[in-house]
Amino acid sequence: MSSPVFKQYPISEEINSTCSFFTSPQKQGDGITGSLKYNHYSGIYINLWKPLEFKEGMTLYAYSDNFNHYTLYNLQRRVPLEDSLSDSEADKFFDAEFIIMSSGYPSVFPQNDSFTSISFELMNLWHWFPNAKPKVSKLKKSIVVSLNSSPPFTIETPSNKLITFSNNPETKIKIKGFEIEKTPKITIRYSDGKTFQELYNSARELRTLLQLLTGSYCAFTEIILQQNKKTYRIYSTDGNSENNLTWENDFLFLDLSTIRRSLKKIISKWESINTEISQVVDILIMEYNNHNLSPEVRFLNIARAIETFHRRRRPTVNDKKLAALVKKTKSDIPEKYKKKFSDALSHIQGPNLREMVRSLFEELKPEIQKELNLDTDWEDKFVQSRNYYTHFGERRIKVQQGKDLLSLSNQIRAMLYALVTIELGVNEKHVASMLWRLILV
């Protein structure tokens, strides 16, 4: 008898409805009949039977025959690639950033109302919880699967936000042959009312942090809003693709048992700096999970990320004499050249790329530097490779290629991961113990 395979699948229901579409929630004017489709892989697809007077980013309202009501946010054209359509025909095909579904009455989603909580489920997160992986016992003629749970816990952040992580027996479990699904639920509560967009952004920000900590894509599988006993279900394709959703991480970077005591500190720090480093974190997540990029593109992504991190999180030393010299030089430039040279002079006051990466490396403790296993001339290799692949000038001897370039990219990526997670409050020993995973992939 074969062993069971544990995988996760999107559990949100699909949508395939014929609807009447309106540009106003009050159903003003004649509606347009069309179809609304959604699944977790291909996303949101709207096919109208006659052209819509389209405006970029508009909201559309749909009403189905089974009394479901859909609010479609941030409408975008979605022209089938195989078709060559006229402008009028192109105004029949759309997608949206997300759908909000409600049933019964009142039918219209109260988008201007305030809500106090949002609940959502994320794929690839269930094994983050201690002992969450199902235990398997093989008997002579059968296999016994035991599903474990862990008690929910709540974290209060400085912004008066309560975040509850739940991985209990009430969590959805779906058995397909020997395939089992178990998806934890996260709820974010505020003491004061927030708009839907504010709650949705809060969920996205927390998801990004969890992706950083786990090393996995954590796609939304279900998002729920509740108000006065009425439930609104959100369908989102944010960050979802078949490649992302089916990718599985056999091991975690930092599991919950490792960082549980410092998780409140980590989330609180993330709230205060995520707007500065979210792009850096996005690159780290993408680089670890997407292996289809060429070594040159992967290297340039990491180089850009570490430079961005330094500029945003490491203030430049204020050299008053140099600043005064730059100011005087700018004033002496002829007017017609002023803009061109002023932009170039502005960068003189900051460190160059070599100084940036050297100072970041020197911040790290010796045990982390040792784990990175960088060559003694790694700075030369990094700077010359970055300059060459950015400008394609003269190829110098230290410019890396192929496997050597990929190896250097992974080492710099590990260094950046260490800098980001330590700044968030993760214990340095825990960071040092897992860096090999970023270097070997």
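Taken together, the values in this text are just the output of simple stated rules run on the coordinates, not laboratory data. These figures come from a predicted structure and were not determined experimentally. A quick note on method: Cβ atoms are made from the backbone with ideal geometry, for glycine too, and the neighbour counts reach across all protein chains shown.
Side notes on the structure shown:
- For the range 393-441, the Kirkwood hydrodynamic radius from C-alpha pairs, put into Stokes-Einstein at 10 °C and a viscosity of 1.306 mPa s, yields a diffusion coefficient of 132 µm² per second.
- Estimated FRET transfer efficiency (Thr308, Lys370; beta-carbon r; R0 25 Å; 0.05): 0.45
- A simple spin-label model places pseudo-atoms 7 Å from Cα toward Cβ; at Glu56 and Ala324 they are separated by 4.8 nm.
- Förster radius 51 Å - calculated FRET efficiency between Glu198 and Ile397 (Cβ-Cβ, nearest 0.05): 0.45
- For the pair the range 380-441 / the range 51-66, the C-alpha centres are spaced 46 Å from each other.
- Pairs over the 30 Å Cα-Cα cut-off, from the set Lys229/Lys269; Lys269/Lys429; Lys340/Lys365; Lys194/Lys429: Lys229/Lys269; Lys340/Lys365; Lys194/Lys429.
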